[in-house]
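Beneath this line is the structure, given in structure tokens, with notes to follow.
The values are calculated or read from the model by the stated rules, or taken from the named source; none is laboratory data. Predicted model only: the values in this text are computed from it and were never measured. Positions of Cβ are backbone-derived with ideal geometry, glycine not excepted, and every protein chain shown enters the neighbour counts.
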Amino acid sequence: MKREISRTFAAYKRDAWHFERQTSDSREISAHGEKVDVGTASKDGVSARFTFGNSTYELSDIELDWYMANYACKNKGMFLVSVESEAEDEFIISQLIPYWLSFWTSGNDLYKERQFYWDSTGHLLGPYTNWGFKQPDGGTSDENCLAYMLAYNMPYSWHDAFCTTPYRFICESYH
Ligand SMILES: [Ca+2]
Ligand SMILES: [Ca+2]
């Protein structure tokens, strides 16, 4: 019999999505009651933890859309990452390289088109930025959320992307 101490991890009220933690090594996202296997995950949903300067970071080992990723970080007292300097950017990228996957940050221009800011700090991006080739290219489309991505065979850089796409994500806490 499957030992299950399933507890509701978070309830994302806006669209009634929620995801659950389980004691098994699998993690499922359920949407409107339908369970979708998102693959094997560690028990705490974190694949790596590291510190840099005054921050601690956690890389998720699950993929969520930007809104749910934002909620997931806040639910454990952290925030989606904000990147304030080249040094921080380079350090984070050095941690991401082994994964070769996209990761959400807190950056977005959901409130004012083309005005990207870090949701975690409320500050506009800059002065340092690491936009990828031809990025941001979303214009007035719905590419409103900022992810670390690999594109055009370039190293990790910042891309505006569709917020509803599930990617892994980076949580940051300050100490
Ligand atoms: Ca930061
Ligand atoms: Ca883009």
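Are any residues in the range 56-97 outside any helix (DSSP H, G or I), surrounded by 20 or more Cβ atoms within 10 Å (Cβ to Cβ) and of a type in the set (Gly, Ala, Ser), and if so, which ones?
If the condition is that a residue be outside any helix (DSSP H, G or I), surrounded by 20 or more Cβ atoms within 10 Å (Cβ to Cβ) and of a type in the set (Gly, Ala, Ser), then SER60, SER82 are the ones that fit.
For GLN135, state whether it is out of contact with any helix residue (DSSP H, G or I) (no Cβ under 8 Å at 6 or more places or on another chain) and surrounded by 16 or more Cβ atoms within 10 Å (Cβ to Cβ). Steps first, answer last, please.
Values: out of contact with any helix residue (DSSP H, G or I) (no Cβ under 8 Å at 6 or more places or on another chain): yes; surrounded by 16 or more Cβ atoms within 10 Å (Cβ to Cβ): yes.
It is true that GLN135 is out of contact with any helix residue (DSSP H, G or I) (no Cβ under 8 Å at 6 or more places or on another chain) and surrounded by 16 or more Cβ atoms within 10 Å (Cβ to Cβ).
Keeping to the range 121-174, report how many residues are within 13 Å of ligand 2 (Cβ to nearest atom), small (Gly, Ala, Ser) and assigned to a loop (DSSP other than H, G, I, E, B).
Final tally of qualifying residues: 5.
When residues of the range 117-173 are filtered for being within 16 Å of ligand 1 (Cβ to nearest atom) and either within 14 Å of VAL83 (Cβ to Cβ) or among the polar types (S, T, N, Q) (or both), how many remain? I'd like the intermediate steps shown before the answer.
So the first thing to find is which residues in the range 117-173 are within 16 Å of ligand 1 (Cβ to nearest atom), and the list is 117-130, 146-148, 156, 158, 169-173.
This time we only want the ones that are either within 14 Å of VAL83 (Cβ to Cβ) or among the polar types (S, T, N, Q) (or both), so: 117-121, 123-130, 146-148, 156, 158, 169-173.
The total comes to 23.
Going through the range 98-113 one residue at a time, which ones are exposed (fewer than 12 other Cβ atoms within 10 Å of the Cβ) and either hydrophobic (A, V, I, L, M, F, W, C) or in contact (Cβ under 8 Å) with a residue 24 or more places away in the chain (or both)?
From the range 98-113, those exposed (fewer than 12 other Cβ atoms within 10 Å of the Cβ) are 98, 100, 111-112; that's our starting set.
If the condition is that a residue be exposed (fewer than 12 other Cβ atoms within 10 Å of the Cβ) and either hydrophobic (A, V, I, L, M, F, W, C) or in contact (Cβ under 8 Å) with a residue 24 or more places away in the chain (or both), then TRP100 is the only one that fits.
What number of residues in the range 75-120 are within 16 Å of ligand 2 (Cβ to nearest atom) and out of contact with any strand residue (DSSP E or B) (no Cβ under 8 Å at 6 or more places or on another chain)? Spell out the reasoning first.
Going residue by residue through the range 75-120, those that are within 16 Å of ligand 2 (Cβ to nearest atom) are 102-105, 107-110, 113-116.
In the following step, the residues that additionally are out of contact with any strand residue (DSSP E or B) (no Cβ under 8 Å at 6 or more places or on another chain) were identified as 113-114.
Qualifying residue count, the range 75-120: 2.
Among the residues of the range 36-51, are any outside any helix (DSSP H, G or I), under 13 Å from the mean Cα position of the chain (by Cα) and modelled with pLDDT of 95 or more?
No; the residues of the range 36-51 include none that is outside any helix (DSSP H, G or I), under 13 Å from the mean Cα position of the chain (by Cα) and modelled with pLDDT of 95 or more.
Pull up the range 54-107, narrow it to residues that are of a type in the set (Val, Ile, Thr) and more than 15 Å from ligand 1 (Cβ to nearest atom), then point me to the one that is modelled with the highest pLDDT. If you could, list the steps in order and put the result at the bottom.
Filtering the range 54-107 down to residues of a type in the set (Val, Ile, Thr) leaves 56, 62, 81, 83, 92-93, 97, 105.
Filter again for more than 15 Å from ligand 1 (Cβ to nearest atom), leaving 62, 97.
On the way: ILE62: 95, ILE97: 92.
Among them, the one singled out is ILE62.
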